[in-house]
Amino acid sequence: MSATQKTISPVDGSVYVERPYASAKEIATTLASAGAAQTAWRNVPIAERAQYCTRFTDAFVAKTDDIAPELTWQMGRPVSAVPGEVRGFEERARYMIDIAPTALADVQTEPKAGFTRFIRREPLGIVLTVAAWNYPYLIAVNSVVPAIMAGNAVILKHSSQTPLCGERFAQCFNEAGLPEGVFQVLHLDHASTEQAIKDPRIDFVAFTGSVGGGHSIQQAASSRFVGTGLELGGKDPAYVRSDVNLTHAIENTVDGAFFNSGQSCCAIERIYVHEKLYDSFVEGFVDLTKQYRLGNPLEPETNLGPLVRTSAADFVRKQSDEAVAAGARALVDSSLFRANKPGTPYLAPQVLVDVDHNMRVMTEESFGPVVGIMKVRSDEEAIDLMNDSDYGLTASIWTEDEQAAIEIGDRVNTGTWFMNRADYLDPALAWVGVKDSGRGCTLSTVGYEHLTRPKSFHLRTAT
C-alpha cells in the first residue's frame with residue numbers, strides 16, 4: 001500500500017487531502033505516550049475531566065463555519081446540512097459529559113453489618129476508535145468523549161475519506177488544554193490498524209463501518225481478550241400503519257430515506273405500507289422525492305449531494321437495475337435531475353414498487369438514495385417482513401396508536417424502535433445493533449459500562 005493516504009473528493013474527483021501513513025515507530029511512540037498519559041489521567045477527578053471536555057466541545061462548535069465546507073469537500077454532504085451534524089455533535093458531547101458523574105459513580109450494595117461493599121467503574125486504559133466517514137463527527141464523538149470522561153486515553157483512527165475530522169478533534173482538544181497524550185490521532189492503513197488492534201497496550205476497540213470491516217476488526221482482536229464495540233450496517237425498515245398521519249409520515253420517511261444521500265446506517269431503506277393508504281402514500285412519497293435538488297454540494301440550494309465515490313453510486317444503480325429487471329417499477333425519472341450522470345457519484349433518488357424480498361434492494365444494504373415500498377395487509381405481515389433481514393439497527397412505525405407501537409416494537413428484532421420518526425440518535429438512549437448490525441453499545445449511561453470495567457470492593461471490619 002502507498003505510504004500516502006489520499007482523499008478523493010466526490011465533489012469533483014480531485015485529491016483534496018494527502019497525509020502520510022504513520023510509521024511503525026510513530027505508532028509505537030503514540031501508544032507509549034497514551035499509556036503514560038492514561039496512568040495520570042485516570043486519577044483526574046471527573047469534574048475536572050468535564051471541564052476539559054466542555055472546553056473541547058466549545059472549541060469545536062466555534063469552528064462550524066470552517067468545518068462545513070471542509071467536510072463537504074471530503075465526503076460530499078451539502079454544505080447547508082453540515083451545521084446539523086455540529087448540533088448533533090454538541091448534543092451528544094454535552095449529554096455524555098453531564099451524566100458522567102452519575103454513570104461513573106460507585107455502585108452501592110445493600111448494607112451488611114461489618115462490611116463495606118461497592119462496585120467501582122475503572123477505566124479500561126487505551127481506547128482505539130476507528131471511525132467512519134458518513135457522519136464523521138457524530139460517529140467519533142460517541143466513543144471519544146465518554147471514553148475520555150471515563151478516564152481512558154483515546155487514539156482516533158479516522159476514515160481515509162475524512163482525515164481532517166480527526167485532526168479537528170486533536171486541534172480542539174489541544175485548545176481545551178487536555179494533557180498531552182490523552183487524545184491522539186493516527187493515519188493508518190489497514191495493515192497498521194490490524195497491528196494496533198493486536199498490540200497488548202490497546203484495551204478496547206470502538207469500530208463503525210461495514211459488516212465486512214467488523215469481521216476484520218473482530219478477527220484482529222481474536223488473539224487477545226480485548227473488548228470490541230461494533231456498529232455495522234443496516235437495512236432499516238419503516239411500517240406505515242393505516243391509522244397514520246399521512247402527511248407527516250410522507251415528509252419524514254422521505255427525509256429518513258434520502259438525507260445524506262441515503263448514506264446512513266440507520267437510513268430507511270425499505271418501507272411497508274398498509275394497503276388502505278398504499279396508493280396515497282406512494283403518490284405523495286414520489287412527488288416529494290422529485291423536489292430534491294441534486295447538484296454541487298457547495299451550492300446552498302443543493303439538498304442532495306453526490307455519494308462518497310462513483311463505485312458506491314454504481315452499486316446502488318446495479319441494485320435498482322436488477323430489481324427492475326426482476327419486475328419492480330421505478331417511479332422517478334432520473335432525467336428530472338440534470339446532475340445525475342452515470343459514471344459519477346452523482347445519483348438521482350429512486351423509488352421502487354412491485355418489489356419483494358427476492359430482490360437485493362430489499363435485503364442487502366444499499367447505502368444510497370434508493371428505497372423499495374411494499375404493500376401489506378396487516379401488522380402481522382409487516383412484522384414478518386421487518387424481521388426478514390440479517391440486520392437490526394433501527395426500525396420505525398408510523399401510527400397514531402402508541403400502545404400498538406409498543407406491542408409491535410416488542411416483536412421487531414432491532415436495537416432502536418422509533419414511532420413517527422427515524423434516523424436519529426437520542427444520547428439518553430442506548431445505541432445498539434442486533435444480528436449483523438453489530439454488538440456493544442454507545443451513548444446513555446449504558447454506554448459508559450462498555451468503556452469501563454467493574455471492580456468489586458469487599459471490605460470487612462476487623463473485630
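The values are calculated or read from the model by the stated rules, or taken from the named source; none is laboratory data. Please read all numbers here as calculations on a predicted model, not as lab measurements. We place every Cβ from the backbone using ideal geometry, glycine too, and count neighbours over all the protein chains shown.
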Completion exercise
Within region 304-355, the count of residues that are basic (K, R) and either more than 27 Å from Y272 (Cα to Cα) or touching a helix residue (DSSP H, G or I) at 6+ places or on another chain (Cβ under 7 Å) (or both) comes to 3
Handout entry: Number of the condition not met by K318 [criteria: (1) without any contact (Cβ under 8 Å) to a residue 24 or more places away in the chain; (2) among the charged types (D, E, K, R); (3) surrounded by 17 or more Cβ atoms within 10 Å (Cβ to Cβ)]
Key = (3)
Exercise for the section: Report yes if A422 is hydrophobic (A, V, I, L, M, F, W, C), in contact with a Cys (Cβ under 9 Å, 6 or more places away or on another chain), modelled with pLDDT of 95 or more and more than 18 Å from A249 (Cα to Cα), otherwise no. Expected result: no
Practice task
Answer yes or no as to whether A3 is over 20 Å from the mean Cα position of the chain (by Cα) and surrounded by 15 or more Cβ atoms within 10 Å (Cβ to Cβ).
Solution key: no
Handout entry: Any chance T162 is under 15 Å from the mean Cα position of the chain (by Cα) and within 22 Å of D12 (Cβ to Cβ)
Key = yes
Handout entry: Selection within region 224-245 - more than 16 Å from R377 (Cβ to Cβ) and assigned to a loop (DSSP other than H, G, I, E, B)
Key = R224, F225, V226, L232, G233, G234, K235, N245
Exercise for the section: Using the structure shown, decide if V211 is in contact with a Pro (Cβ under 9 Å, 6 or more places away or on another chain) and in the same structural domain as C441 (by TED's automatic domain parsing). Expected result: no
Completion exercise
Out of (1) touching a Pro at 6+ places or on another chain (Cβ under 8 Å); (2) within 28 Å of G212 (Cβ to Cβ), the one V107 does not meet is (2)
Problem - Boolean, Y278 is in contact (Cβ under 8 Å) with a residue 60 or more places away in the chain, out of contact with any helix residue (DSSP H, G or I) (no Cβ under 8 Å at 6 or more places or on another chain) and of a type outside the set (S, T, N, Q) - result: yes
Problem - Pick from region 155-168, criterion without any contact (Cβ under 8 Å) to a residue 40 or more places away in the chain and not in a loop (DSSP other than H, G, I, E, B), ranking: surrounded by the fewest Cβ atoms within 10 Å (Cβ to Cβ) - result: E167
Practice task
Hey, can you tell me all the residues within region 412-436 that are buried (at least 23 other Cβ atoms within 10 Å of the Cβ), free of Cβ contacts under 8 Å to residues at least 40 places away in the same chain and under 16 Å from T208 (Cβ atoms)?
Solution key: G415, V432
Exercise for the section: Could you check, for region 67-74, whether at least one of its residues is surrounded by fewer than 23 Cβ atoms within 10 Å (Cβ to Cβ) and in contact with a strand residue (DSSP E or B) (Cβ under 8 Å, 6 or more places away or on another chain)? Expected result: yes
Exercise for the section: Keeping to region 58-91, report how many residues are over 18 Å from A131 (Cα atoms) and of a type in the set (S, T, Y). Expected result: 2
Exercise for the section: Could you list, in sequence order, all residues of region 404-420 that are in contact with a helix residue (DSSP H, G or I) (Cβ under 9 Å, 6 or more places away or on another chain) and closer than 11 Å to V434 by Cβ? Expected result: V412, N413, T414
Problem - All positions within region 394-407 that are touching a residue at least 24 places away in the same chain (Cβ under 8 Å) and either touching a strand residue (DSSP E or B) at 6+ places or on another chain (Cβ under 6 Å) or outside the structural domain of V376 (by TED's automatic domain parsing) (or both) - result: T394, A395, S396, I397, W398
Practice task
Evaluate the following for V144: is it buried (at least 24 other Cβ atoms within 10 Å of the Cβ), part of a strand (DSSP E or B) and assigned by TED's automatic domain parsing to the domain that holds P454?
Solution key: no
Problem - Number of the condition not met by N252 [criteria: (1) within 30 Å of Q291 (Cβ to Cβ); (2) among the polar types (S, T, N, Q); (3) in contact with a strand residue (DSSP E or B) (Cβ under 7 Å, 6 or more places away or on another chain); (4) part of a helix (DSSP H, G or I)] - result: (3)
Completion exercise
Over region 83-111, the set of residues in a helix (DSSP H, G or I) and among the hydroxyl-bearing types (S, T, Y) is Y95, T102
Exercise for the section: Output yes when any residue across region 245-262 is assigned by TED's automatic domain parsing to the domain that holds T289 and closer than 30 Å to V127 by Cα, and no when none is. Expected result: yes
Exercise for the section: Check T442 against each of (1) closer than 19 Å to D384 by Cα; (2) of a type in the set (S, T, Y); (3) not assigned by TED's automatic domain parsing to the domain that holds S378 and name the one condition it does not meet. Expected result: (1)
Handout entry: Whichever residue in region 292-304 is outside any strand (DSSP E or B) and buried (at least 20 other Cβ atoms within 10 Å of the Cβ) and, among such residues, is nearest to the chain's Cα centre (by Cα)
Key = P297
